[in-house]
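Engineer: Just passing along the structure, written as structure tokens.
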Amino acid sequence: MSNSVLYSVVPVESRLDLKDPFIFTAHHQDHYPQGNSELGPVTPPHQHEYDMYYGESIPGFPEHPHTGFETITIVERGYVDHFDSLGNSGRYAAGDVQWLTTGNGVQHCEMFPLVHQDQDNPLELFQIWLNSSPEQKKQPADYKMFWREQIPHVFSADTAGRKADIRIISGRFKTTEALDRPAYSWAAAAENRVNIYMITLAPEAELIIPASTGSATRFCYFYQGNSLELEGQKIQVKHLVELKPDQDIHLKGGLLESHILWLEGEPIGAPVAMRGPFVLNTPQELDAAFRRYRDTRFGGWPWAKAEPAFPQDQPRFASYEGGKREEYPEKEATE
């Protein structure tokens, strides 16, 4: 491209192919109908085209393994029920974020219960695959919930009073810090500058994103709106832009409200060997991880079903340490 600030602009259908320290991001959208008493659709799934329907009754992804990287699941609409081989579980929903470090191996499931029986159950979420350092890949798996009530926002206005909302999932925006990431996350260390923002621009609002470093990776995904200007260049909706990292970036929204996923961070710089849901550094490590999974099932599966889900009326919550500790969005943790 002729623009020295915008390195590339590519259309996106559902998957964003990224660069170190990110692996890729999936943008999932499904328009599920009303739910039945089993939290599935009132109409048989074979009558519709769904991207995320691998369960027998409830949509979602039943029990499956991961190792060597991190998943950051940002829910914009709908509900997710999480269960894993560590005995953790929880329900989270629109506005919430789950951060899972898969470390040396974990099994989990992500089911999408259709909790509303009197209205449709649309689902929209982003799942960011962030790589882990070679040392972090050896650590035990862990997960953490970021509730929508606790995620920091920065609200700003341009010279014309048009507003921007920057939801800080990771890192910092100017002087505002995100919530703490899991201990064995590449994003936990401030020097890795893993900044993840969900940005909403009012119509024609302008915003400056501060420069990072010359070694960072930086992407902007414009996923909802009619148009967006980046450094004066118009970007169409559902396009991914790779940007020069060490320069302030000027954004201007179009005639409709603009929604943007912003990703940047310092690269890990280690070799990547990836096979399905396993991300390690060499083919030999991949072979060893698959053998270990066959032998140990990464701790087994403590749940009665491969696709468990909570009852319809279960509020949002997270359970840790095999149920020894629970937390709710607006309550103190309970033993």
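Engineer: Can you pick out the pairs among Lys19/Lys137; Lys19/Lys252; Lys19/Lys234; Lys163/Lys234 whose Cα atoms lie more than 27 Å from each other?
Structural biologist: none
Engineer: Test of understanding: what is the full-extension gain from Asp295 to Phe24, defined as 0.36 nm times their sequence separation minus their Cα-Cα distance?
Structural biologist: The span from Asp295 to Phe24 would gain 94.7 nm if fully extended.
Engineer: In percent, what relative contact order does the chain have, based on Cα pairs under 8 Å that are 6 or more apart in sequence?
Structural biologist: 20 percent
Engineer: Multiply the residue separation of Lys234 and His31 by 0.36 nm, subtract the distance between their alpha-carbon atoms, and state the gained length in nm to one decimal.
Structural biologist: Numbers: separation 203, 0.36 × 203 = 73.08 nm, distance 2.93 nm.
Between Lys234 and His31, full extension yields an extra 70.1 nm.
Engineer: Size of the dipole of the chain about the Cα centre, Lys and Arg at +1 and Asp and Glu at -1 on the beta carbon, nothing else charged, in debye to 20? Kindly include the intermediate steps, with their values, before the conclusion.
Structural biologist: Values: 30 positive and 47 negative charges, 133 e Å.
For the chain, the charge dipole is close to 640 debye.
Engineer: When the Cα centres of segment 25-92 and segment 276-335 are compared, how far apart do they sit, in Å?
Structural biologist: Taking the Cα centre of each part, segment 25-92 and segment 276-335 sit 14 Å apart.
Engineer: While we're here: Taking the Cβ-Cβ separation of Asn104 and Ala160 as r and a Förster radius of 51 Å, what is the calculated FRET efficiency to the nearest 0.05?
Structural biologist: For R0 = 51 Å, the calculated efficiency reads 0.45.
Engineer: What is the Cα convex hull volume of the chain when expressed per residue in Å³?
Structural biologist: 148 Å³
Engineer: Suppose each label sits 7 Å from its Cα in the direction of the beta carbon; what would the Asp51-Ser8 distance come out to in nanometres?
Structural biologist: Each label point lies 7 Å from its Cα, and together they span 2.0 nm.
Engineer: Sticking with this one: Counting only C-alpha contacts under 8 Å and six or more residues apart, can you give the relative contact order of segment 11-150 as a whole percent?
Structural biologist: RCO, segment 11-150: 32 percent.
Engineer: Considering the convex hull of the alpha carbon atoms of segment 152-270, report its projected area averaged over all viewing directions, in nm², one decimal.
Structural biologist: Values: hull surface 29.3 nm².
That works out to 7.3 nm², a quarter of the Cα hull's surface.
Engineer: At a Cα cut-off below 18 Å, give the aspartates and glutamates reachable from Lys174, other chains included and same-chain residues fewer than 8 away excluded.
Structural biologist: Those aspartates and glutamates meeting the cut-off are Asp158, Asp165, Glu191, Glu206, Asp246, Asp248, Glu264, Glu266.
Engineer: If you roll a 1.4 angstrom probe over the protein chains with everything in place, what fraction of the accessible area of the chain belongs to carbon and sulfur, to the nearest %? Display every interim value, and only then the final one.
Structural biologist: On the way: 7080 of 14670 Å².
Looking at the chain in its full context, I get 48 percent from C and S.
The values are calculated or read from the model by the stated rules, or taken from the named source; none is laboratory data. Just so it is clear, the structure is predicted and the values come from calculations on it, not from any experiment. Using ideal geometry, Cβ is built from the backbone for each residue, glycine included, and neighbour counts are taken over all protein chains shown. The area values use the complete protein model at the heavy-atom level, side chains included, leaving out ligands, DNA and RNA. Shrake-Rupley method; radii C 1.70, N 1.55, O 1.52, S 1.80 Å.
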